[in-house]
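Notes follow once the structure below has been shown.
The values are calculated or read from the model by the stated rules, or taken from the named source; none is laboratory data. What you are looking at is a predicted structure, and each value in this text was computed from that prediction instead of being measured. Using ideal geometry, Cβ is built from the backbone for each residue, glycine included, and neighbour counts are taken over all protein chains shown. In case anyone asks, the SASA skips ligands and DNA or RNA and just uses the protein heavy atoms, side chains included. Shrake-Rupley method; radii C 1.70, N 1.55, O 1.52, S 1.80 Å.
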Amino acid sequence: MFSGDINLVALLIGSGFPNFDVFPTLLRKETPEDPINETHAATILHTIFLYIAILPFMYFALNSLGWSNSWVIATSFCIGGVVHVLTESFDEKGRRLLYPISKKFYGIKILPYDFWTYLTDKKVLTLECGLSIVAFLLLVF
């Protein structure tokens, strides 16, 4: 059933999918006064449970459309979402990793939470550069 392949397009789309809950913040075009209590990252889109729950539905939906690689696409999309959530759990806010069992935010407080600070933080720049290099090396080799 799983061939070991990963669909990079589905992985990329899945890794960006959780950020649909940032639209209310972006529409204001300014940093909120209390960014840590912003709804972004506190919705179901930023929970691992969502991607576990939608995996079989996504597989069956794609399969019913006749896509022969529906399992690879569905799995890649969900892996992208989970990696996004886990990566973001390294900021000051953390993420609801055990939702719906717990509404508590879990994570390791290494990176800033505020989006504008995030863009200018040297730790973030180092992390993003490192991840880009690793991704490039994985694609090349």
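Exactly one residue among Ser89, Ser68, Ser102 is polar (S, T, N, Q) and closer than 14 Å to Ala41 by Cα, and that residue is Ser89. Looking at region 93-108, is at least one residue open to solvent by 70 Å² or more (accessible area, probe 1.4 Å), modelled with pLDDT under 85 and farther than 18 Å from Phe20 by Cβ? For region 93-108, residues open to solvent by 70 Å² or more (accessible area, probe 1.4 Å), modelled with pLDDT under 85 and farther than 18 Å from Phe20 by Cβ: absent.
Can you tell me how many residues in region 63-89 are of a type in the set (S, T, N, Q) and surrounded by fewer than 19 Cβ atoms within 10 Å (Cβ to Cβ)?
Here is the first cut: in region 63-89, the ones of a type in the set (S, T, N, Q) are 63-64, 68-70, 75-76, 87, 89.
Still in the list and also surrounded by fewer than 19 Cβ atoms within 10 Å (Cβ to Cβ): 63-64, 68-70, 87.
Selection size over region 63-89: 6.
Scanning region 9-40 for residues that are modelled with pLDDT of 85 or more and open to solvent by 70 Å² or more (accessible area, probe 1.4 Å) yields Val9, Leu12, Ile13. Screening Ser68 on (1) within 17 Å of Ala10 (Cα to Cα); (2) assigned to a helix (DSSP H, G or I) shows it passes everything except condition (2).
Considering region 41-65, the residues that are part of a loop (DSSP other than H, G, I, E, B) and of a type outside the set (Val, Ile, Thr) include one that is modelled with the lowest pLDDT, namely Ala41.
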